[in-house]
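Report on the following structure.
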Amino acid sequence: MANWYAYVSGDPRVAGSYYYSAIKPSCLTGEKICAVYLDDTSTTAPAQVKLDPVLPDISAALMTQVPQPQGVGVKILVYLKCGC
C-alpha cells in the first residue's frame, strides 16, 4: 500500500526528513519538496522508508520546479511547495 510522506526538514534525499501523512498534500508546485508518494506502509515518524525509487524524481523536481514524474497518465510521486 502506498502512503504520503511530508517533507519536514533536512536533506530531501534522506528518509528521516519525511513524516507519514494520512492525507494527500494540497501543494503541487514550487521550489521546495512538499511530499512524496511511496509504495510503503511505514507510519513511523520520521519515516524509515526507501526513497531510492523516487530519488531521480526528487532531483528532477528540484531542478525543474515541476512535480515529478511528468507524462500523460503518470501518477505524480513528488509534490513541491513555495518556499515563501
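The values are calculated or read from the model by the stated rules, or taken from the named source; none is laboratory data. Everything quoted here is computed from the prediction, not taken from an experiment. A quick note on method: Cβ atoms are made from the backbone with ideal geometry, for glycine too, and the neighbour counts reach across all protein chains shown.
If you scan the range 1-46, which residues turn out to be among the aliphatic types (A, V, I, L, M) and closer than 18 Å to Leu80 by Cα?
Scanning the range 1-46 gives Ala6, Val8, Val14, Ala15, Ala22, Ile23, Leu28, Ile33, Ala35, Val36, Leu38.
Within 11 Å of the chain's Cα centre (by Cα) and either modelled with pLDDT under 95 or not in a helix (DSSP H, G or I) (or both): which single residue out of Ala45, Ala35 fits that description?
Working: Ala45 fails: within 11 Å of the chain's Cα centre (by Cα).
Ala35 is the lone residue from the list that is within 11 Å of the chain's Cα centre (by Cα) and either modelled with pLDDT under 95 or not in a helix (DSSP H, G or I) (or both).
Considering each of Ile58, Ile76 in turn, give the residue that is among the hydrophobic types (A, V, I, L, M, F, W, C), in a loop (DSSP other than H, G, I, E, B) and surrounded by 13 or more Cβ atoms within 10 Å (Cβ to Cβ).
It is Ile76.
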